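Comments concern the structure below.
The values are calculated or read from the model by the stated rules, or taken from the named source; none is laboratory data. All of these numbers come straight from a predicted model, not from anything done at the bench. Positions of Cβ are generated from backbone atoms using ideal geometry, with glycine treated the same way; all protein chains shown enter the neighbour counts.
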Amino acid sequence: MKENGRKQGAVSPCAACKLLRRRCAPDCVFAPYFPADEPQKFANVHRVFGASNVNKMLQELPMQQRGDAVSSMVYEANARIRDPVYGCVGAISSLQQQIDVLQTQLAVAQAEVVHLRMRHIPF
């Protein structure tokens, strides 16, 4: 049987405890979200936010919100690793620019369709 991603009785530390070189307690706040087989996930979060801050954030949240918070931290940390200056904002800005270009192209295509239909209407 597994508990928090670990076998009961096993001493295999979660990715966080392994990176921090500490014993992984049965009630480890990191274990459910940073399994041992995904070490880079915690490494990036730790690098951007720091283990102490992540621990505090998770402790302050209700259990049902922690998974979403970890997903957000992982996403932001990965974005910050790729783009240390803008992080998620850079990705969002790039996507918004792509949307603007595509909307312009769509408007041009729609105008061409209207123009072609008008040419084929007999008077």
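Worth pointing out:
- So GLU38, is it modelled with pLDDT of 95 or more and acidic (Asp, Glu): no
- If the condition is being in a helix (DSSP H, G or I), among the β-branched types (Val, Ile, Thr) and within 20 Å of VAL48 (Cβ to Cβ), then the stretch 83-114 contributes VAL89, ILE92.
- Within the stretch 20-34, residues that are surrounded by 12 or more Cβ atoms within 10 Å (Cβ to Cβ) have Cβ atoms under 7 Å from residues that are of a type in the set (D, E, K, R) in these pairs: ALA31/ARG6; TYR33/ARG66; PHE34/LYS41, counting only partners at least 6 apart in sequence or on another chain.
- One residue alone among ARG66, ARG80, ARG117 is in contact with a Leu (Cβ under 6 Å, 6 or more places away or on another chain) and assigned to a helix (DSSP H, G or I), and that residue is ARG66.
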